[in-house]
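Worksheet: one structure, shown below.
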Amino acid sequence: MLANKIGLVAAHPANAHRLLRDEGKLALVFPEGQKGSRKLYWQRYKLRRFGRGGFVKTAIRAGVPIVPIAVVGAEEAMPIFAHVRALQRLTGLIYFPINHAFPHFGLAAGLMYLPAKFRIRFLEPVHMDAHSPDAADDVAFVQQTADDIRARIQAALNEMLRERKSVWFG
């Protein structure tokens with residue numbers, strides 16, 4: 001109930017269609033899924049596979065564009081140096097990270113972000129309204145589109161990192 005009150009909805013095709021097509025709302029999607037949030041520090045800014053392209057299928061069916069976004073800064077704000085599988089199993093969490101403040105500050109370490117300058121770049125929209133809703137069932141097309149979007153975001157991240165002079169000052 002709290003999640004709904006702050007604007008979160010379950011990731012379900014019916015919810016996505018209602019929000020995007022019927023209500024004309026925006027939706028923010030993280031195509032890497034939880035794999036993106038569990039990357040170790042040395043893996044930062046290397047995008048993982050975008051799943052099976054559910055975000056592409058949803059955009060095609062709703063007839064809305066996909067606006068790729070590249071963000072630099074987040075992966076230094078909460079670096080993860082290792083995972084402890086035993087604590088993951090014990091706590092039932094999807095992963096149990098070791099960061100800059102754990103174990104010294106216990107579970108409060110999950111709230112202790114480091115200072116970092118965030119840069120956000122909105123890329124050119126990928127228009128999906130030109131495709132018929134049947135295109136969402138074409139697995140090869142959906143996967144290729146997801147891979148193309150991933151490559152565009154990765155290229156933007158690489159460029160932003162080359163231009164960046166400092167983690168703290170941008």
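The values are calculated or read from the model by the stated rules, or taken from the named source; none is laboratory data. Keep in mind that this is a model prediction, so the values were computed, not measured. Don't worry about glycine lacking a Cβ; one is built from the backbone with ideal geometry, like all the others, and counts go over all protein chains shown.
For the subset of the stretch 9-50 comprising residues that are surrounded by 15 or more Cβ atoms within 10 Å (Cβ to Cβ) and on the phi > 0 side of the Ramachandran plot, which member is modelled with the highest pLDDT?
Per the criteria, the residue is 45.
Mind listing just one residue for me: the one in the stretch 98-121 that is of a type in the set (Phe, Trp, Tyr) and in contact (Cβ under 8 Å) with a residue 24 or more places away in the chain and, of those, nearest to residue 77 (Cα to Cα)?
Only one residue fits best here, namely 113.
Please enumerate the residues belonging to the stretch 15-57 that are over 11 Å from the mean Cα position of the chain (by Cα), without any contact (Cβ under 8 Å) to a residue 60 or more places away in the chain and part of a helix (DSSP H, G or I).
Result: 15, 16, 17, 18, 19, 20, 21, 22, 41, 42, 43, 54.
So residue 90 clears everything in (1) surrounded by 13 or more Cβ atoms within 10 Å (Cβ to Cβ); (2) at pLDDT below 90 except one condition, right? Which one?
(1) is the only condition that residue 90 fails.
Where residues in the stretch 77-134 are aromatic (Phe, Trp, Tyr) and not in a loop (DSSP other than H, G, I, E, B), which of them is farthest from residue 26 (Cα to Cα)?
The selected residue is 81.
Identify, from the list 46, 5, 57, the residue that is in contact with a Lys or Arg (Cβ under 8 Å, 6 or more places away or on another chain) and among the charged types (D, E, K, R).
Matching residue, one of 46, 5, 57: 46.
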